[in-house]
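Read the structure below first, then the notes.
The values are calculated or read from the model by the stated rules, or taken from the named source; none is laboratory data. Small disclaimer: the values here were computed from a predicted structure and weren't measured. Cβ: placed from backbone, ideal geometry, glycine included. Neighbour counts: every protein chain shown.
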Amino acid sequence: MALTYTSRPMERRPLRAPKGVEDVYGPEAARWHALEDRFFEVCDLYGYRRVRIPVFEDTELFVRGVGEATDVVRKEMYSFTDRGGRSLTLRPEGTAGVVRCFVEHHLDQAGLPQKLAYGGPMFRAENVQRGRQRQFNQLGVEAIGVDDPDLDVEVVALGWRFLADCGLEAAALVVNSIGRPDERAAYIEELRGFVERSGVAIGADDRERLRLNPMRLLDTKDPAVAEVVASAPRLYDHLDVESKAHFSAVLDGLEALDIPYTVDHGLVRGLDYYTSTTFEYVSTSLEAAQNALGGGGHYDGLVEVVGGPDLPGIGFALGVERILLAMDAEGAAATDRSTADVVVLQAGAEDEVASTARGICDALRRAGVRSDRPYGGRSLKAQFKHADRTGARFAVIVGARDLGAGRVTVRDLASGAEATVATDDVVAHVTAATGAERGDP
Ligand code: HAM
């Protein structure tokens, strides 16, 4: 396949990242890692194991799994034909891929439920705005293979506890049940008839939704259609006793765990695989159009749609960028932005000074203390500036004069207090001091 661009070798125009994708660097990158690490720690607490799924899949997986009527499949997929003529798509979400992995590798044989956690970039060709990118990052879990309202509670609770850990106080949980497809079938026809009879003018986009899946109209952006839909019959009233009992058991479970929620029977999720319990975590600190920190629900037909056995599933995904925006908006838990605990400085250019500094830095690192050196033979003043930039708590200053006596100086960069320490005792001194700082016994 021929490349469709030409590159002029002499051109030096600065290149920029494509629209809707973001670089993450500096202290912000550390913040991301801390957030992701914390998420997987919480997953560990709940028994969800990591799964790493591919970034691109056969297009058919998303068409079948996510659904032809969804905005994601109709308008937002990054699909391309590879050199072998196959249609591939950059994953717009993770559930379809996790379920494909579950089916392909017969994970059901390893016991049910399979509780899986994942994260990484997802791709949707959306209108870019604050909190809505074309490449964005999700953290999610999927619990596949067992239908138990208590498992729904566990999944919802996991996401909720993680958001609380992030210090997000303006987060709220909205829950709904959208029942099974057979319960929805009659309702969908009723809704279609109701909207058509209302005589409201319907734009091309909503007309397509009405044709493919009228439930998507509950999510319309057209205020006139929204008004009609608001007075339409409710899906919840069409659910049978069993579905309602499942939902009420989920609500009971949430209450038992002191997780506050609001029931919103108008909550529709943007993907077609959902059944039964659905939910969203929203933040009142974000603009309404992008206020979903995450969402999820049951997808009881998806395993079969992907070619596996008839097994239920439930999960959620959180948007990392949205969580960080909400944390900023709330001034929530600032993460440690420092890149070192100790910086080893050199007062003098003598070989012995450099080799001692190198040795101390190495010994500190091997003892598990984050340590750095300024490098480049800079003035002591410039080295202190470097230490400051790393956010380090201590500077070890290696100087020719002290070295003769087998000593170095350790300065507490916060208080300015200095101690003279035998070269061989630096690691013990610093680990004791940084340990005390962390509150270690
Ligand atoms: P979703 O609601 O499409 O669900 O996405 C989940 C979260 O990803 C959203 O609530 C939002 O925080 C974030 N997100 C989505 N699109 C963007 C975007 N363009 N820019 C920034 N953030 C975005 C799913 O993807 C389902 N797979 C969740 C799930 C898992 N359901 C069951 N299991």
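Structure notes:
- Hits in segment 384-398 (condition: farther than 15 Å from ARG370 by Cα and surrounded by fewer than 19 Cβ atoms within 10 Å (Cβ to Cβ)): PHE384, LYS385
- Of the strands (runs of 3 or more DSSP E) that lie entirely inside segment 251-329, those containing 3 or more residues that are within 19 Å of the chain's Cα centre (by Cα), more than 7 Å from the ligand (Cβ to nearest atom) and closer than 24 Å to ALA232 by Cβ span 275-283.
- Filter pass, LEU345 being more than 30 Å from LYS381 (Cα to Cα) and in contact (Cβ under 8 Å) with a residue 24 or more places away in the chain: no
- Within segment 399-428, restricting attention to residues that are hydroxyl-bearing (Ser, Thr, Tyr) and touching an Asp or Glu at 6+ places or on another chain (Cβ under 9 Å), the residue that is surrounded by the fewest Cβ atoms within 10 Å (Cβ to Cβ) is THR420.
- In segment 74-93, residue farthest from GLY140 (Cα to Cα) [restricted to those that are in contact with a helix residue (DSSP H, G or I) (Cβ under 8 Å, 6 or more places away or on another chain) and within 16 Å of the ligand (Cβ to nearest atom)]: ARG74
Listed here are the residues, each with its yes/no results for (1) among the β-branched types (Val, Ile, Thr); (2) crowded, with 19+ Cβ neighbours inside 10 Å.
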| residue | (1), (2) |
| --- | --- |
| ASP310 | no, no |
| ILE314 | yes, yes |
| LEU318 | no, yes |
| LEU324 | no, yes |
| ASP328 | no, no |
| ARG337 | no, no |
| VAL344 | yes, yes |
| GLY348 | no, no |
| GLU352 | no, no |
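- Lone unmet requirement of (1) part of a strand (DSSP E or B); (2) more than 27 Å from ASN213 (Cβ to Cβ) for GLY140: (2)
- Output for segment 163-176, where each listed residue is part of a helix (DSSP H, G or I) and either free of Cβ contacts under 8 Å to residues at least 24 places away in the same chain or within 13 Å of the ligand (Cβ to nearest atom) (or both): LEU163, ALA164
- Residues in segment 219-240 that are surrounded by 20 or more Cβ atoms within 10 Å (Cβ to Cβ) and either modelled with pLDDT under 90 or within 21 Å of PRO181 (Cα to Cα) (or both): THR220, VAL229, LEU235, LEU239.
- Looking across segment 141-186, just one residue is surrounded by 22 or more Cβ atoms within 10 Å (Cβ to Cβ) and touching a His at 6+ places or on another chain (Cβ under 6 Å), and that is ASN176.
- Tally, over segment 207-250, of residues that are of a type outside the set (A, V, I, L, M) and either under 26 Å from the mean Cα position of the chain (by Cα) or in a loop (DSSP other than H, G, I, E, B) (or both): 10
- Hits in segment 128-155 - residues which are aliphatic (A, V, I, L, M) and more than 10 Å from GLY315 (Cβ to Cβ): VAL128, LEU139, VAL146, LEU151, VAL153
- Selection from segment 104-134 of residues that are within 13 Å of the ligand (Cβ to nearest atom), small (Gly, Ala, Ser) and not in a strand (DSSP E or B): ALA125, GLY131
- Selection over segment 190-217 of residues that are in contact (Cβ under 8 Å) with a residue 40 or more places away in the chain and loosely packed, with under 13 Cβ neighbours inside 10 Å gives a count of 0.
- SER177 being polar (S, T, N, Q), in contact with a Leu (Cβ under 7 Å, 6 or more places away or on another chain) and farther than 30 Å from GLU41 by Cβ: yes
- Cross-chain or 6+ apart pairs with Cβ under 8 Å, segment 306-322 first and within 16 Å of VAL24 (Cβ to Cβ), then near the ligand (Cβ under 8 Å from one of its atoms) and assigned to a helix (DSSP H, G or I): ARG322/GLN290
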